[in-house]
Amino acid sequence: VIGDCGIHGESDERDDVELGYGLAEPYRHQGYGTEVAIALSRWLLGQDGVRRVVGRAALDNSPGRRTLERAGFTLESVGDEYARYVLG
């Protein structure tokens with residue numbers, strides 16, 4: 001197993017859905033995270049009831065933030081612990 005991916009619940013009242021993914025340590029820093037973020041996001045944006053895809057990364061998780069940026073997400077907001085990115 002390289003990792004896993006999916007969504008955190010159903011889309012919300014704004015038709016936003018949050019993706020989630022994780023990679024096992026030996027497979028990090030090889031582009032797999034970007035690849036899965038792109039593929040899952042494209043699929044999600046093609047589903048009824050989804051207007052935007054959201055991704056969150058801890059503020060101290062620079063690789064996670066770069067993955068979302070490389071996948072085309074834009075920074076929407078920064079909280080105390082997480083940066084929120086959106087696509088769509």
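With the whole protein complex present, residue 60 retains an accessible surface near 140 Å², based on a 1.4 Å probe. Any chance you could look up the accessible area of residue 23 with a 1.4 Å probe, heavy atoms only, rounded to 10 Å²? Probe radius 1.4 Å; accessible area of residue 23 about 40 Å².
Exposed loop sites here are GluC sites (Glu not before Pro) assigned a DSSP state other than H, G, I, E or B and surrounded by at most 16 other beta carbons within 10 Å; excluding them, the longest clear run of the chain is 14-80.
Element breakdown for the chain at a 1.4 angstrom probe: carbon and sulfur atoms account for 48% of the accessible area. Averaging the sequence gap over all C-alpha pairs within less than 8 Å and six or more residues apart, then dividing by the number of residues, gives the chain a relative contact order of 25 percent. Think of a 1.4 Å ball rolled over the protein heavy atoms: the chain then has 63 Å² of accessible area per residue.
Going 7 Å from the Cα of residue 1 along its beta-carbon direction, which residues of the range 29-61 have the amide nitrogen within less than 17 Å of the resulting point? Counting backbone N atoms under 17 Å from the label point, the list is 33.
For the pair residue 14 and residue 59, label points projected 7 Å from Cα toward Cβ lie 2.0 nm apart. Whole-Hz Karplus values for the range 39-44 come out as 5, 5, 5, 4, 5, 4 Hz, taken residue by residue from phi with 6.51 cos²θ - 1.76 cosθ + 1.60 and θ = phi - 60°; glycine and proline positions read x.
Loop exposure criterion: trypsin sites (Lys or Arg not before Pro), DSSP state outside H, G, I, E and B, at most 16 other Cβ atoms within 10 Å. Applied to the chain, the longest stretch between such sites is 52-88. Every Cα-Cα pair of the chain was included, and the share exceeding 14 Å stands at 61 percent.
The values are calculated or read from the model by the stated rules, or taken from the named source; none is laboratory data. Just so it is clear, the model here is predicted, and its values are computed rather than measured. For neighbour counting, all protein chains shown are included, and Cβ atoms are generated from backbone atoms with ideal geometry for every residue, glycine included. Note: areas computed on protein heavy atoms with side chains; ligands, DNA, RNA excluded. Shrake-Rupley method; radii C 1.70, N 1.55, O 1.52, S 1.80 Å.
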